[in-house]
Amino acid sequence: MWLKITKNYSPNFSPLKRPKQKIKFIIIHYTGMKKESLAIEKLCDFNSNVSAHYFIKKNGEILNLVPDLYEAWHAGKSRWGNYKFLNKSSIGIEIQNSGHENRYENFTLNQINALKKLLKKLIIDYNINQKNILGHSDIAPNRKMDPGEKFPWKYLSKLKLAYWHNLNEKKIKKLRLIKLNKIEEKNFFKNINKIGYKRIKNSNINNNKILTKSFQRRFRQSLINGIIDQECLIISKNLLKS
């Protein structure tokens, strides 16, 4: 597997080297910036206090901004399962995309092909479980929407590079918009909590809607409305079994 990576180091990382076995997750982001050059500049700007380990350009070129064994500053306040502040235990990959606040375009074929190669390498190098390849919105649902509903999680799962359900989508779509009773709603949140999604401790936000949207953005990408229905419930059950 041929993989060309260009070094373009950022000064934004924690100075202490971490042991290889501490790396458990890969977190995927989009830049959310219109201009690729400005996104790279920001990630390498000493004053920005943000970075990632890798940056994938529109043309598929991969930049290594921070060496793997150093903690890049990409996840921020985050949580997944029993893990908090995932910078400590993850590798961050930024993919150039304008994001939801701009025009949120499709990721390019070159970008996805480059990402596939990079993920394969990182999975082997650090023995990463495919269930631990996550989006920024999974670990920080109250703050982030990236990489968003246009990111090809389902496609990557077929290559064992991501986590997805194994249900027939045409069949389960018939369950869409069918309301849940109170017990089923509780079961849905129990399920996604077991998967890794965690409530945000802030009384000023609608936790249920935020968590549901984050789940849908990842596992039910064709409709993100923040409303739990039978389709969402059956997907959550299936994910726990797989």
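A short reminder: the numbers here are calculations on the coordinates, not readings from a lab. Everything quoted here is computed from the prediction, not taken from an experiment. Virtual Cβ from ideal backbone geometry, glycine too; neighbours counted across all protein chains shown.
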Per principal axis, descending, Cα span of the chain in whole Å:
52, 37, 36
Volume of the Cα convex hull of the stretch 89-176, divided per residue and given in Å³
129
What FRET efficiency do you get for Asn102 and Ile227 if R0 is 30 Å and r is their Cβ-Cβ distance, rounded to the nearest 0.05?
0.70
Hey, what's the Cα Rg ratio for the stretch 33-152 versus the globular rule of thumb, 2.2 N^0.38 Å?
1.01
Pairs Lys186/Lys213; Lys22/Lys150; Lys117/Lys158; Lys24/Lys117; Lys77/Lys198; Lys4/Lys117: which exceed 20 Å Cα-Cα?
Lys22/Lys150
Give me the dipole magnitude in Debye, nearest 20, for the stretch 88-141 about the Cα centre, with unit charges on the beta carbon: positive for Lys and Arg, negative for Asp and Glu.
280
Between Glu184 and Ser14, 0.36 nm times their residue separation minus their Cα-Cα distance comes to what?
56.8 nm
Full extension from Asn193 to Asn142: what is 0.36 nm times the residue separation minus their Cα-Cα distance, to one decimal in nm?
16.8 nm
Qualifying trypsin sites (Lys or Arg not before Pro) in the stretch 46-86, DSSP loop, other Cβ atoms within 10 Å at most 15:
Lys58, Lys77
